[in-house]
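I have placed the structure first, in the form of structure tokens, so that the comments after it can refer back to it.
The values are calculated or read from the model by the stated rules, or taken from the named source; none is laboratory data. Just so you know, these numbers come straight off a predicted model, no measurement behind them. For neighbour counting, all protein chains shown are included, and Cβ atoms are generated from backbone atoms with ideal geometry for every residue, glycine included.
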Amino acid sequence: MHPPQHPLPASLLITLLLALALTGCSAAAAPEVEDTRAPTVPTGVTATAGSASTVHVMWSAATDDRAVTGYAVYSEGRKVRTLPATTLMTDVVGLAPATVHRFTVRAHDAAGNVSPPSATVTATTLRAAAEDRTPPTTPSALRATPDGGRAVTLRWSASKDDTRVTAYDIYQADTRIHTVPGTATTAHVTGLRPGTAYAFTVRARDAAENSSPDCVPADLTTAPSRGAPANTAPTRLAVTAAKSEITVTWTPPDTGAPVTHHELHLNGRFATTIIWGTTPPPGRATYTFPVQDPPGTRYTVTLRARLPDGTWGDFSAPRTVVVR
């Protein structure tokens, strides 16, 4: 004889089936692994006094098993700057004159893991001087020598000052990217992109934070990655400002066919397309456009050409101009 059957009530059966389904889903879902690993310690930390109250701190990027999301700079163990992961330098201001200051840098990630502090570096701020409004002379003879596809060595002739030059600031596209002491006339800049056109300028600075004018730019195109096509940027870009207008002159790239279209960008944003309706002029090209901004407005100008296949080529090295 078979034992009597006792069927489950429908409501209880549905409850059991739902429980089994949920249990199965929970078992199938892989739990998220908690991030407990801190970034590596920042290396290559340097500190350079720029005046009686400022020090310029720089470092090399840290690494993380996921991603570094930022850095913190400490002075005498106290956090004085918090910066995004893309920034590898900062000026610490408001310091006491003629004093030794100690700095460290720590990296952090999105989970809040913080690296140990970097090696401590020191810098002695300059003595407070009498009022000084005279800037140093302009650095001269700037030369740029590529170091592979991601670095460059810059060399220049020293500036002069009525007191003394305390620092040289290196700029790329009107943005300061590096600082070296006033006794140096060379700088090694890293973190560049292969196959890219750059323009570097240098300004001299004294203890009163007076800066010289920019030196004549030095252009450089870094070596392309293996197998990458040659750079197609316009070259020998020159930009001048007159009253209410800017004139741009350049040499179009050699593409094997006439270049009839160029894009003009101002401060990294598209401004206009320059089009020749017929065959473009041979040799150097010139374009003048009006500006309505007040005198003293700064523009960073770049160009790129339309290639025979209809795509846009590489950007030129930038030039900075001041509206008159």
Based on what the data block shows, is D169 part of a strand (DSSP E or B) and under 30 Å from V216 (Cα atoms)? yes
Could you list, in sequence order, all residues of the range 129-147 that are over 21 Å from L220 (Cα atoms) and of a type outside the set (K, R)? A129, A130, E131, D132, T134, P135, P136, T137
Please determine, by comparing only the residues of the range 41-59 that are buried (at least 16 other Cβ atoms within 10 Å of the Cβ) and not hydrophobic (A, V, I, L, M, F, W, C), which one is nearest to S115 (Cα to Cα). P42
Going through the range 309-321 one residue at a time, which ones are surrounded by 16 or more Cβ atoms within 10 Å (Cβ to Cβ) and not basic (K, R)? G313, D314, F315, S316, A317, P318, T320, V321
Qualifying positions in the range 220-244 - outside any loop (DSSP other than H, G, I, E, B) and loosely packed, with under 14 Cβ neighbours inside 10 Å: R236, T240, A242
List pairs: first in the range 300-324 and closer than 14 Å to V259 by Cα, second charged (D, E, K, R), Cβ under 6 Å, 6+ apart or cross-chain? R304/E263; W312/R304; W312/R306; G313/R304
Restrict the check to the range 91-109 and report whether at least one residue is of a type in the set (G, A, S), outside the structural domain of A167 (by TED's automatic domain parsing) and surrounded by 13 or more Cβ atoms within 10 Å (Cβ to Cβ). yes
Yes or no: G256 touching a Pro at 6+ places or on another chain (Cβ under 9 Å), surrounded by fewer than 13 Cβ atoms within 10 Å (Cβ to Cβ), closer than 26 Å to G149 by Cβ and not assigned by TED's automatic domain parsing to the domain that holds G149? yes
Tally up the residues in the range 102-111 that are part of a strand (DSSP E or B) and of a type in the set (A, V, I, L, M, F, W, C), please. 3
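Here's the yes/no breakdown for (1) within 29 Å of S225 (Cα to Cα); (2) of a type in the set (D, E, K, R):
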{"position": "D147", "(1), (2)": "yes, yes"}
{"position": "K160", "(1), (2)": "no, yes"}
{"position": "T163", "(1), (2)": "no, no"}
{"position": "T175", "(1), (2)": "yes, no"}
{"position": "P181", "(1), (2)": "no, no"}
The lone exception for A128 - which of (1) within 20 Å of the chain's Cα centre (by Cα); (2) at pLDDT below 95 it fails: (1)
Looking at T125, T86, T54 in this structure, which one is out of contact with any helix residue (DSSP H, G or I) (no Cβ under 7 Å at 6 or more places or on another chain) and without any contact (Cβ under 8 Å) to a residue 12 or more places away in the chain? T86
Failed criterion for T183 (all others in (1) crowded, with 18+ Cβ neighbours inside 10 Å; (2) of a type in the set (V, I, T); (3) within 19 Å of D206 (Cβ to Cβ) hold): (1)
Subset of the range 259-308 [exposed (fewer than 11 other Cβ atoms within 10 Å of the Cβ) and of a type in the set (A, V, I, L, M)]: I275
Considering only the range 184-210, state which residues are of a type outside the set (A, V, I, L, M) and in a strand (DSSP E or B). T186, H188, T190, Y198, F200, T201, R203, R205, D206
